[in-house]
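Novice: Just dropping this structure here.
The values are calculated or read from the model by the stated rules, or taken from the named source; none is laboratory data. Note that the coordinates shown come from a computational prediction; the quantities given were computed from them, not determined experimentally. Backbone-built Cβ (ideal geometry, glycine too); neighbour counts: all protein chains shown. Surface accessibility is based on the protein's heavy atoms, side chains included, excluding ligands, DNA and RNA. Shrake-Rupley method; radii C 1.70, N 1.55, O 1.52, S 1.80 Å.
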Amino acid sequence: MKSLLNFALPEDLLCVSKEAEAGIPIDAITCAIDRASSVLTLLEDHFEGDTPRLSNHIIASVLWDVRGTLGLIRTLAMHADTASNQSDSAGGAK
């Protein structure tokens, strides 16, 4: 019997806590953007020097990391959108 978790990425399993407050989690989004930027800076430095080149699997891992971080940012943005829509609906019923 195969489990879907055998083929899951970390980003597929992460979600915003149901106890999180409504609104935009700007600190978490900013942190994720800074992480992705840092990883891309590492990759840029790889192409700008006379130092030995990184192997293809490391470059692929760097790109995969950025893709995963973008998925986390999307999750946080979707939470913000959903939470703001729910609070707008509750506010409109006043």
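Novice: Treating the Cα atoms of the range 21-85 as identical point scatterers in vacuum, please give the log10 of the normalised Debye intensity I(q)/I(0) at q = 0.26, 0.28 Å⁻¹, two decimals.
Specialist: Scattering profile of the range 21-85, log10 relative to I(0): -1.04, -1.13.
Novice: Tell me, what is the percent relative contact order of the range 21-85, built from C-alpha pairs under 8 Å that lie six or more residues apart?
Specialist: It rounds to 64 percent for the range 21-85.
Novice: Once neighbouring chains are kept in place and the probe is 1.4 Å, which whole percent of the accessible area of the range 21-85 is contributed by carbon and sulfur?
Specialist: 60 percent
Novice: Along the charge dipole of the range 21-85, pointing to its positive end and built from +1/-1 on Cβ of Lys, Arg, Asp and Glu, which listed residue (S84, G49, A32) has its Cα farthest out?
Specialist: In the range 21-85, that residue is S84.
Novice: Note down the nm distance, to one decimal, between modelled labels 7 Å out along Cα→Cβ at A22 and at W64.
Specialist: 3.9 nm
Novice: OK, next. How large is the dipole of the range 21-85 about the Cα centre if only Lys and Arg carry +1 and Asp and Glu carry -1, each at its Cβ, rounded to the nearest 20 debye?
Specialist: In debye, rounded to 20, the range 21-85 gives about 260.
Novice: In terms of solvent-accessible area of protein heavy atoms at a 1.4 angstrom probe, what is the ranking of D27, D65, highest value first?
Specialist: Output order, biggest surface exposure first: D27, D65.
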